[in-house]
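Chemist: One structure, pasted below without further comment.
The values are calculated or read from the model by the stated rules, or taken from the named source; none is laboratory data. The structure presented is a predicted model; accordingly, all values stated were derived computationally and were not measured. For neighbour counting, all protein chains shown are included, and Cβ atoms are generated from backbone atoms with ideal geometry for every residue, glycine included.
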């Protein structure tokens with residue numbers, strides 16, 4: 001849960017790097033919250049209002065952590081737009097997000113994996 005909260009705290013930070021663990025733990029909790037919101041919507045409201053509020057509320061943190069994850073692999077944040085390409089775009093983006101980050105520092109900052117180990 002701490003990973004999720006840390007990403008939400010940095011909701012509008014599009015610079016720097018994000019580890020795979022940070023990205024995927026945030027994504028895990030986002031999916032869990034979306035499922036719970038969908039169930040509550042279906043049972044109580046019969047609409048998708050809570051799911052919409054959740055999606056809009058977490059739009060900037062989701063974009064921010066995705067851009068930082070792309071930075072960790074040495075790619076520009078603009079690569080997020082490849083997800084708009086039908087069929088292959090989402091697959092390419094998924095592969096980029098699954099790749100290990102660059103070992104040392106890159107033009108986007110220091111390796112967050114080594115920074116966490118030092119703490």
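Chemist: Listed residues 74, 57; which is more than 14 Å from the chain's Cα centre (by Cα), surrounded by fewer than 17 Cβ atoms within 10 Å (Cβ to Cβ) and either free of Cβ contacts under 8 Å to residues at least 24 places away in the same chain or under 23 Å from residue 10 (Cα atoms) (or both)?
Modeler: Every option except 74 fails the conditions.
So that you can scan it fast, the table gives a plain yes or no per residue for (1) modelled with pLDDT under 95; (2) surrounded by 14 or more Cβ atoms within 10 Å (Cβ to Cβ); (3) on the phi > 0 side of the Ramachandran plot; (4) in contact with a helix residue (DSSP H, G or I) (Cβ under 9 Å, 6 or more places away or on another chain):
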position	(1), (2), (3), (4)
19	yes, yes, no, yes
62	no, yes, no, yes
67	no, yes, no, yes
85	no, no, no, yes
98	no, no, no, yes
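Chemist: Applying the selection to the stretch 73-83, what residues are touching a helix residue (DSSP H, G or I) at 6+ places or on another chain (Cβ under 7 Å), assigned to a helix (DSSP H, G or I) and closer than 22 Å to residue 111 by Cβ?
Modeler: 77, 79, 80
Chemist: Residue by residue through the stretch 33-44, note down the ones that are modelled with pLDDT of 95 or more and loosely packed, with under 12 Cβ neighbours inside 10 Å.
Modeler: 35
Chemist: Can we say residue 47 is at pLDDT below 95, loosely packed, with under 14 Cβ neighbours inside 10 Å and either within 14 Å of the chain's Cα centre (by Cα) or closer than 26 Å to residue 106 by Cβ (or both)?
Modeler: So residue 47 fails the test.
Chemist: Could you please tell me which pairs satisfy a Cβ distance under 8 Å, a separation of 6+ or placement on different chains, a first residue in the stretch 3-26 that is closer than 18 Å to residue 76 by Cβ, and a second residue that is part of a helix (DSSP H, G or I) and modelled with pLDDT under 90?
Modeler: Cβ pairs passing all conditions: 16/112; 17/112; 18/112.
Chemist: Among the residues of the stretch 31-57, write down those that are on the phi < 0 side of the Ramachandran plot and not in a helix (DSSP H, G or I).
Modeler: Residues satisfying the conditions are 47, 48.
Chemist: Filter the stretch 2-30 down to residues that are in a helix (DSSP H, G or I) and under 11 Å from the mean Cα position of the chain (by Cα), then give me how many there are. Reasoning before the result, please.
Modeler: Restricting attention to the stretch 2-30, the residues satisfying the condition of being in a helix (DSSP H, G or I) are 2-9, 20-30.
Now narrow it down to the ones that are under 11 Å from the mean Cα position of the chain (by Cα): 3-4, 7-8, 20-30.
Residues meeting the conditions: 15.
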